[in-house]
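Engineer: Take a look at this one; I'll ask things after.
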Amino acid sequence: MLLQPDTLDQEREALKALSHQDQANRFINEDVRLEMAVQLGDLVPGHSIHYMTEARWHLHDLLVYCLGQTGPADLYLCMYAVKEYQANMIASMKSRGLIRELHVLLDYRSGVNHADALQILRANADSIGAIRTHAKLVVLRNDQMGVVITGSANLTANTRSDAGVITCDTTVANYRIEYIKAKINATKA
């Protein structure tokens, strides 16, 4: 039986999605991924998901979980704190193509408090800036979806429970991206 061209395209897209998910899953512990899958479910455009981590998973795990569903995307960060492990994880995901572009807006004290992480991000970011901020904002955007993660978590391995919201809305993602881009353009780290 010969497959029709649109069936072949659908098969190709399904295989690509599985490949992206497999690649993302390499960056996350399987038990953590399963717990997040039960708690969070799938990302659905137009929906929001409220979550509590109970200190069992972290913002970098959530980033990987979301990338597993969105596929390769541009990443925009506005973050108070990023540790070296998380910066290395982001750099590795960028080198593997899971993160297409990386734009980073950090607190102005990052060079003092987290110099190693800042050096890694500088070497891998497409743009980077620094302001006075306590924000924790992650935005993923590709042609299919815009995802915004806001909450209490930094890109660290915090031992406390964090809370937040995942908003799957391209308009909201674009709004947050414009804010981050404007602040990066106004000041460079």
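Engineer: Suppose we filter the range 163-185 for residues that are aliphatic (A, V, I, L, M), touching a residue at least 60 places away in the same chain (Cβ under 8 Å) and within 23 Å of Leu121 (Cα to Cα); how many remain? Steps first, answer last, please.
Structural biologist: First, the residues of the range 163-185 that are aliphatic (A, V, I, L, M): 163, 165-166, 172-173, 177, 180, 182, 184.
With the extra rule that they be touching a residue at least 60 places away in the same chain (Cβ under 8 Å), the set shrinks to 163, 165-166, 177, 180, 184.
Restricting the remaining residues to those that are within 23 Å of Leu121 (Cα to Cα) gives 177, 180, 184.
Residues meeting the conditions: 3.
Engineer: With the structure loaded, tell me whether Ala153 is within 22 Å of Leu34 (Cβ to Cβ), of a type in the set (Gly, Ala, Ser) and not in a helix (DSSP H, G or I) or whether it fails that test.
Structural biologist: Details: within 22 Å of Leu34 (Cβ to Cβ): yes; of a type in the set (Gly, Ala, Ser): yes; not in a helix (DSSP H, G or I): yes.
Yes, satisfied.
Engineer: If Ala153 satisfies all but one of (1) under 20 Å from Asp74 (Cβ atoms); (2) buried (at least 16 other Cβ atoms within 10 Å of the Cβ), what's the number of the condition it fails?
Structural biologist: (1)
Engineer: For the range 35-108, which strands (runs of 3 or more DSSP E) that fit wholly inside it have 3 or more residues that are among the aliphatic types (A, V, I, L, M) and touching a Ser or Thr at 6+ places or on another chain (Cβ under 9 Å)? Walk me through it before giving the result.
Structural biologist: Working: elements: 48-52, 73-79, 99-107.
Qualifying strands (runs of 3 or more DSSP E): 99-107.
Engineer: From the residues in the range 50-66 that are buried (at least 17 other Cβ atoms within 10 Å of the Cβ) and touching a residue at least 60 places away in the same chain (Cβ under 8 Å), which one is farthest from Val82 (Cα to Cα)?
Structural biologist: Per the stated criteria, the residue is Tyr51.
Engineer: Checking Leu98 against (1) under 16 Å from Thr150 (Cα atoms); (2) touching a Pro at 6+ places or on another chain (Cβ under 6 Å), which test does it fail?
Structural biologist: It is condition (1) that Leu98 fails.
Engineer: Check the range 173-187 and report whether any residue there is surrounded by 14 or more Cβ atoms within 10 Å (Cβ to Cβ) and either in contact with a Pro (Cβ under 7 Å, 6 or more places away or on another chain) or assigned to a strand (DSSP E or B) (or both).
Structural biologist: No, the range 173-187 has no match at all.
Engineer: Can you list residue pairs whose Cβ atoms sit under 6 Å apart, with the first residue in the range 124-142 being crowded, with 17+ Cβ neighbours inside 10 Å and the second being of a type in the set (Lys, Arg)? Count only pairs 6 or more apart in sequence or on different chains.
Structural biologist: The qualifying pairs are Asn124/Lys94; Ile128/Arg122; Gly129/Lys183; Gly129/Lys188; Val139/Arg176.
Engineer: Quick check on Leu77: is it modelled with pLDDT of 95 or more, under 25 Å from Thr170 (Cβ atoms), crowded, with 22+ Cβ neighbours inside 10 Å and in contact with a Cys (Cβ under 8 Å, 6 or more places away or on another chain)?
Structural biologist: No, not satisfied.
The values are calculated or read from the model by the stated rules, or taken from the named source; none is laboratory data. For clarity, every value in this text was computed on a predicted model and none was experimentally measured. Neighbour counts are summed over all protein chains in view; Cβ atoms, including those assigned to glycine, are modelled from backbone coordinates with ideal geometry.
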